[in-house]
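These notes are about the structure you will find just below.
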Amino acid sequence: MSSVEPEAFFDQFNAKYLEPEQVAAGYVYSKHLEDLCGHYNAVLIGPRGSGKTTLLKMLQPAALDAWKGPRADKFRSRINYSGVFIASDISWSRQLRALGYGKLNEDNHRTLVLACFTTHVLHAVLETMVSRTSQSASFKAVRISGPEEEVLAKQLLSELQLAAPLPTLIAVKQALRSRLSTIRQLGNRGSLKNQVDFQSELADLRFLHLDFLDLCSNISSLFNDAVGEKDARWALLFDELETAPDWIVDQLFTALRVSNPRVYLKLAISPVSATAYRSLMSVDGAADRHDYKNIPLWYTDKVDAKGFCEDVWRSLTSKAGLSVSAREALGPSAFEPVSPEQVRLRNPYAAGGYWHRIFQSLRSKDRTFAAFLRARNIDLDRLANADQQTKDAVLRRAAPIAAVRNFYLHEDRLGNVTARQRKTTALYAGAESIFAVSEGNPRWLIGLLTPMISFMVENRTKRVPPAVQAEQIDNAADRLLALLRTIPVPSEFETDSALGLNRIVGMIGVQLHNDLMDKNFSLDPRLSFVVDKAVKSSTVQLLSSGINRGAVILVAGTPAQSVVGDMQGVVLRLSYLLAAKYGLPLRKGKATNLSLLVEGPPPPAPPPPPEPQLKLSGL
């Protein structure tokens, strides 16, 4: 076994480290690709690990060319544009901030950053042009003769204000890389100069003031004409914009409003971005379904994620040489003991059935549940004959709440009933629960399933015991909490009493669990929370980071399907991974004011989680 740092664990399945062909080889289809691939601008919104990078990279010609899935031909026939993937990760953003060693004034620094950004985008476009004209390509492949390439390269060099020793596409690409070095050198020299004089010097360098969108449109048109694709379009695929400077984010989201006949913009960003929100909400901001398509990557209902999770399971087990369904290997969930297809054959409410046993057990030790049943004239001995309305409106809603309360309520030999703390999360084992706990987040799902599949391979079995599943849920939740602990309290709020995000999440989880166990049985317990005006600004800022990392989930019925800028009034819930950690049903429930959960005296700091272990052998 090897220990894995929390940040490293959540990044080890990250598509940003893979070439397009590698992304295509491991791609598992999701409906989000269908939404994204259309001939329009799009905004892709999702927390870390939700698949933004994979989806964008799948629109590159090289990835579409390498894709062998059953839907591949259909998608290739529909896409008439060339996708250009443009990374904007944290390391790149740090390089931009470091221009001039922090000694440039704001205007000069911005001029150089914008020039770097423009050159970075243009370099990505040239990479795609080179790829499409290479001998290895087939999808979107074009053949261009030596003289034709020479003419095109000279046109591109003129348009981009570049010089190159040879008139070839590769030489143009290399000249753009050299320009990036030139801009960095300018910044370094500028740090030693009077900033007013340096500003005048920068104003005279025309290549620093090029507009990336205009240039992309112009050079793509030149390429189209050269290869005989006069009406072809291009798509700029911007990834991880939450790490880009605010004014670049603003420029890109403002550009959604501008109709460009040659270039689509497909922008990926985390759910909370004040800059993107302000741009979209401005009077002349881009409008969803008119200027762009909004594509949220999280599932507001765990049922919606189930099909995708089953496809990922099949992909992983196939690579491991196993042929076993998730339900066969992981067993049924405690919250869905009988599959919908088998309900008519195995009535879980019948005498001796799963829910009949749970209800009987809970009635014997929970007086409020017994009173709940009496108030609704529900006779447990006649549950099998309950009418459909009672099953739909009462029993199905009561079942998951009853399962959790029954699991945590303990009756001793003297008949005393208390809510006990249980370290194990075995209640959340089973295929449906494992899928729900992953939130349909590809990176989380792969991280949960990989050790379980390794267990089957190493032990030559096709079953994963609930204890092994519970261990992986616990490990994943502890890694997430450890990751949250690394998020700093905003400096303006940093005091000895300031709570970190992991403590805030812990308070929410403990309070909701205590509320669930201590109050009378209810069909609609408090499991979600609304950000009300009494919540401290530091808590709001930290929760924004929690949303962007997937620890806290936006609930439907709020601005959940769009970029969020103002957190006031937003309804949230803990991720189901953390819900399992704190003993909560895997449902959104009724919302309560967040201030009631976190503005009281803080609980004692929890001990640090054990160092997580990840088994990857056998795959």
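Among the residues of the stretch 436-459, which ones are under 18 Å from the mean Cα position of the chain (by Cα), of a type in the set (A, V, I, L, M, F, W, C) and open to solvent by 10 Å² or more (accessible area, probe 1.4 Å)? Scanning the stretch 436-459 gives 444, 446. Restricting 35, 107 to those that are in a helix (DSSP H, G or I) and either without any contact (Cβ under 8 Å) to a residue 12 or more places away in the chain or open to solvent by 50 Å² or more (accessible area, probe 1.4 Å) (or both) reduces the list to 107.
Here residue 322 does not qualify as assigned to a strand (DSSP E or B), out of contact with any His (no Cβ under 8 Å at 6 or more places or on another chain) and more than 24 Å from residue 550 (Cα to Cα). Apart from one condition, residue 61 fits all of (1) more than 24 Å from the chain's Cα centre (by Cα); (2) surrounded by 19 or more Cβ atoms within 10 Å (Cβ to Cβ); (3) of a type outside the set (Ser, Thr, Tyr); the exception is (1).
Of all the residues in the stretch 497-540, those that are closer than 15 Å to residue 592 by Cα and basic (Lys, Arg) number 3.
Residues in the stretch 520-543 that are open to solvent by 20 Å² or more (accessible area, probe 1.4 Å) and either of a type in the set (Gly, Ala, Ser) or without any contact (Cβ under 8 Å) to a residue 12 or more places away in the chain (or both): 522, 534, 537, 538. Looking only at residues in the stretch 460-472 that are without any contact (Cβ under 8 Å) to a residue 40 or more places away in the chain and outside any helix (DSSP H, G or I), the one that is surrounded by the fewest Cβ atoms within 10 Å (Cβ to Cβ) is 460. Selection of the stretch 261-300 for residues being surrounded by fewer than 20 Cβ atoms within 10 Å (Cβ to Cβ), out of contact with any strand residue (DSSP E or B) (no Cβ under 8 Å at 6 or more places or on another chain) and closer than 29 Å to residue 587 by Cα yields only 274. Listed here are the helices (runs of 4 or more DSSP H) enclosed by the stretch 363-459 that have at least 3 residues being touching a helix residue (DSSP H, G or I) at 6+ places or on another chain (Cβ under 7 Å) and not hydrophobic (A, V, I, L, M, F, W, C): 396-408, 442-459. Of all residues in the stretch 15-34, those being in contact with a Leu (Cβ under 9 Å, 6 or more places away or on another chain) and of a type outside the set (A, V, I, L, M) number 5. Those residues that are hydrophobic (A, V, I, L, M, F, W, C) and either touching a Gly at 6+ places or on another chain (Cβ under 6 Å) or closer than 24 Å to residue 396 by Cβ (or both), I need them from the stretch 507-526; list them, please. Within the stretch 507-526, 512, 516, 517, 521, 523 meet the criteria. Please determine, by comparing only the residues of the stretch 396-406 that are open to solvent by 10 Å² or more (accessible area, probe 1.4 Å) and under 31 Å from the mean Cα position of the chain (by Cα), which one is farthest from residue 338 (Cα to Cα). My answer is 397. Between 88, 77, the distinction of being crowded, with 24+ Cβ neighbours inside 10 Å and either without any contact (Cβ under 8 Å) to a residue 40 or more places away in the chain or of a type outside the set (Lys, Arg) (or both) belongs to 88 only. May I ask you to verify whether residue 326 is without any contact (Cβ under 8 Å) to a residue 60 or more places away in the chain and either over 30 Å from residue 452 (Cα atoms) or under 39 Å from the mean Cα position of the chain (by Cα) (or both)? Criteria not met by residue 326. Kindly list, by first and then second residue, each pair from a residue in the stretch 214-227 that is over 22 Å from residue 145 (Cβ atoms) to a residue that is open to solvent by less than 10 Å² (accessible area, probe 1.4 Å) and assigned to a helix (DSSP H, G or I), limited to pairs with Cβ atoms under 6 Å and residues at least 6 apart or on different chains. If the second residue must be open to solvent by less than 10 Å² (accessible area, probe 1.4 Å) and assigned to a helix (DSSP H, G or I), the pairs left are 216/125. Looking at the stretch 148-170, can you tell me whether even one residue there is under 21 Å from residue 86 (Cα atoms) and of a type outside the set (A, V, I, L, M, F, W, C)? Within the stretch 148-170, one or more residues are under 21 Å from residue 86 (Cα atoms) and of a type outside the set (A, V, I, L, M, F, W, C). I'd like to know if the stretch 126-133 contains one or more residues that are in a helix (DSSP H, G or I), open to solvent by 10 Å² or more (accessible area, probe 1.4 Å) and under 26 Å from residue 99 (Cα atoms). Yes, the stretch 126-133 contains a residue that is in a helix (DSSP H, G or I), open to solvent by 10 Å² or more (accessible area, probe 1.4 Å) and under 26 Å from residue 99 (Cα atoms). Here's a check for you: in the stretch 149-206, which residue that is hydroxyl-bearing (Ser, Thr, Tyr) and touching a helix residue (DSSP H, G or I) at 6+ places or on another chain (Cβ under 7 Å) is most open to solvent (accessible area, probe 1.4 Å)? Among those residues, the one meeting the criterion is 168. Being open to solvent by 10 Å² or more (accessible area, probe 1.4 Å), acidic (Asp, Glu) and modelled with pLDDT of 90 or more is a description that does not apply to residue 411. Return yes or no: is residue 225 open to solvent by 10 Å² or more (accessible area, probe 1.4 Å), more than 18 Å from residue 84 (Cα to Cα) and either of a type in the set (Lys, Arg) or within 28 Å of the chain's Cα centre (by Cα) (or both)? Answer is no for this residue.
Taking the conditions (1) more than 16 Å from residue 121 (Cα to Cα); (2) of a type in the set (Lys, Arg); (3) under 35 Å from the mean Cα position of the chain (by Cα) in turn, residue 177 satisfies each one other than (1).
Considered as a group, the residues in the stretch 577-604 that are part of a loop (DSSP other than H, G, I, E, B) and open to solvent by 30 Å² or more (accessible area, probe 1.4 Å) include one that is modelled with the highest pLDDT, and that residue is 587.
No other residue among 486, 461 is β-branched (Val, Ile, Thr) and farther than 27 Å from residue 51 by Cα apart from 461.
What residue, among those in the stretch 333-367 that are at pLDDT below 85 and open to solvent by 60 Å² or more (accessible area, probe 1.4 Å), is farthest from residue 383 (Cα to Cα)? Result: 341. Just the residues that are within 30 Å of residue 145 (Cβ to Cβ) and either in contact (Cβ under 8 Å) with a residue 24 or more places away in the chain or crowded, with 21+ Cβ neighbours inside 10 Å (or both), please, taken from the stretch 229-260. Within the stretch 229-260, 229, 232, 233, 234, 235, 236, 237, 260 qualify.
The values are calculated or read from the model by the stated rules, or taken from the named source; none is laboratory data. Remember, it's a predicted structure, so these values are computed and weren't measured experimentally. Cβ coordinates were reconstructed from backbone atoms using ideal geometry, including for glycine residues, and neighbour counts include every protein chain displayed. With ligands, DNA and RNA removed, areas are computed over all heavy atoms of the protein, side chains included. Shrake-Rupley method; radii C 1.70, N 1.55, O 1.52, S 1.80 Å.
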